[in-house]
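Below is one structure, written out as structure tokens; the observations come after it.
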């Protein structure tokens, strides 16, 4: 039977059409892609989120690991036997490398992890974005792909609570945020984005967020660029998650937290993987300075002063 024409389309028809599909979490988007694209083999970076790696393994997909060089480009990427490459837009400022990778290899065999970039829209097999690290929403992920994807309609319920959005203690809120992440480790068939998050995303001024984060990043860069061992320069259009900083004598994460600067860890090393010296340093020595849109230029300058004091 031909579907009805006219009337009023459902929310699912509005949202999950063409190239864009909304899910409640990054892992739900990834699972839908793995199924729809019939991905059986995938290459994943050693320096990456271990929980996502384990999630992929649990789906039955064969996982092979690759290392990255000091420019964050893959070392000897493996595309043999139909293998797909998963490549992160690290910290939201790895766009130049993403373009280089897509120009060098077949983009139809590459998936871009844009969870740290807010908006990732490259011409490739798929882009997977996540909203929770950037916006005051309880869930939400956007999968962009030319493939036909089966996606659930928006949900009236939320997998995660909103406690962290109401907590004015930033460090405590971050711990709650991480606790809520555990709930997203279980991916079921009812995986549509919540209506509440959908409304939040729809009301977001992405241009303002991009401008604020870009401005904060360049403030950090103006001071630390000469000493920073992480060479990822920001360009127009990038929306950074944080300012990644690695110095010869950088302050410890615990020192910054005690000084009221709450920084995450990307990512703890896994004993079963082989890391290069650069990847080990990223996992154990790098610090990731905050630059979200709720902060002012004075906040960023204060953070710079605190970090600089630890270096003296």
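Miscellaneous remarks
- Taken over the range 59-83, the criterion of being closer than 17 Å to residue 49 by Cβ and either at pLDDT 95 or above or surrounded by 19 or more Cβ atoms within 10 Å (Cβ to Cβ) (or both) is satisfied by 61, 63, 64, 65, 66, 67, 68, 72, 74.
- In the range 99-117, the residues that are crowded, with 21+ Cβ neighbours inside 10 Å and part of a loop (DSSP other than H, G, I, E, B): 115, 116, 117
- Hits in the range 74-96 (condition: part of a loop (DSSP other than H, G, I, E, B) and more than 17 Å from the chain's Cα centre (by Cα)): 75, 76, 77, 78, 79, 83
- Among the residues of the range 246-264, those that are closer than 20 Å to residue 232 by Cα and either touching a strand residue (DSSP E or B) at 6+ places or on another chain (Cβ under 8 Å) or modelled with pLDDT under 90 (or both) comprise 246, 248, 249, 250, 263, 264.
Per-residue answers, yes or no, for (1) closer than 18 Å to residue 217 by Cβ; (2) in contact with a strand residue (DSSP E or B) (Cβ under 6 Å, 6 or more places away or on another chain):
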| position | (1), (2) |
| --- | --- |
| 92 | yes, no |
| 96 | yes, no |
| 99 | no, no |
| 106 | no, no |
| 120 | yes, yes |
| 125 | no, yes |
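- Residue check for residue 14: part of a helix (DSSP H, G or I), closer than 22 Å to residue 152 by Cβ, touching a helix residue (DSSP H, G or I) at 6+ places or on another chain (Cβ under 7 Å) and modelled with pLDDT under 95: no
- Verdict on residue 295 being assigned by TED's automatic domain parsing to the domain that holds residue 227, surrounded by 17 or more Cβ atoms within 10 Å (Cβ to Cβ) and either without any contact (Cβ under 8 Å) to a residue 60 or more places away in the chain or touching a helix residue (DSSP H, G or I) at 6+ places or on another chain (Cβ under 9 Å) (or both): no
- Checked against (1) in contact with a helix residue (DSSP H, G or I) (Cβ under 6 Å, 6 or more places away or on another chain); (2) under 28 Å from residue 295 (Cα atoms); (3) not in a strand (DSSP E or B), residue 120 passes all but a single condition, namely (1).
- Single unsatisfied condition, residue 55 versus (1) in contact (Cβ under 8 Å) with a residue 40 or more places away in the chain; (2) touching a strand residue (DSSP E or B) at 6+ places or on another chain (Cβ under 9 Å); (3) buried (at least 17 other Cβ atoms within 10 Å of the Cβ): (2)
- Conditions (1) under 24 Å from residue 89 (Cβ atoms); (2) modelled with pLDDT under 95; number of the one not met by residue 282: (2)
- Test: residue in the range 124-134 that is surrounded by fewer than 21 Cβ atoms within 10 Å (Cβ to Cβ), modelled with pLDDT under 95 and in a loop (DSSP other than H, G, I, E, B): yes
The values are calculated or read from the model by the stated rules, or taken from the named source; none is laboratory data. Because the structure is predicted, anything quoted here is derived from the model rather than measured. Note: ideal-geometry Cβ built from the backbone for every residue, glycine included; neighbour counts use all protein chains shown.
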